[in-house]
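Novice: Sending over a structure as structure tokens; questions will come in a sec.
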């Protein structure tokens with residue numbers, strides 16, 4: 001999904017007057033908006049008990065964020081540097097765990113995709129789980145290193 005962004009500036013003209021947010025005209029034109037159109041402005045608060053814009057970021061849409069959430073093709077892209085810093089190979093399957101106030105991204109365990117009976121067989125045969133993972137990563141061939 002393409003995204004455009006711009007640095008916006010907020011200012012207050014006089015004490016007690018509304019705060020104005022300056023949005024570049026070209027950005028509005030790129031969104032397909034014309035003067036007089038109504039837009040929706042959304043932001044995320046880092047606190048359940050406050051409406052403060054903790055992250056100082058806004059989403060500006062002509063149809064609101066509900067329309068963005070309905071996108072079934074939405075993807076999450078993580079920079080390779082972030083995965084490498086976490087010690088996760090860039091070609092790994094990922095597991096995402098959601099908890100209150102956190103989204104945790106982990107390298108998925110390949111063994112979780114095996115049937116329980118097959119995992120138990122490897123245990124019974126004394127084959128170490130890391131060996132099974134390596135064989136699965138290499139497409140079923142163990143090179144013995």
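Novice: Can you tell me how much longer the chain between residue 116 and residue 31 gets when fully stretched, taken as 0.36 nm per residue apart minus their C-alpha distance, in nm with one decimal?
Specialist: So the chain would gain 25.5 nm between residue 116 and residue 31.
Novice: Using a Förster radius of 30 Å, what is the FRET efficiency between residue 123 and residue 95 based on their Cβ-Cβ separation? Nearest 0.05, please.
Specialist: 0.85
Read-outs: derived from the displayed coordinates by stated rules, not from any lab. Model, not experiment: these values are computed from the prediction. Note that each Cβ is placed from the backbone with ideal geometry, even for glycine, and that neighbours are counted across all protein chains shown.
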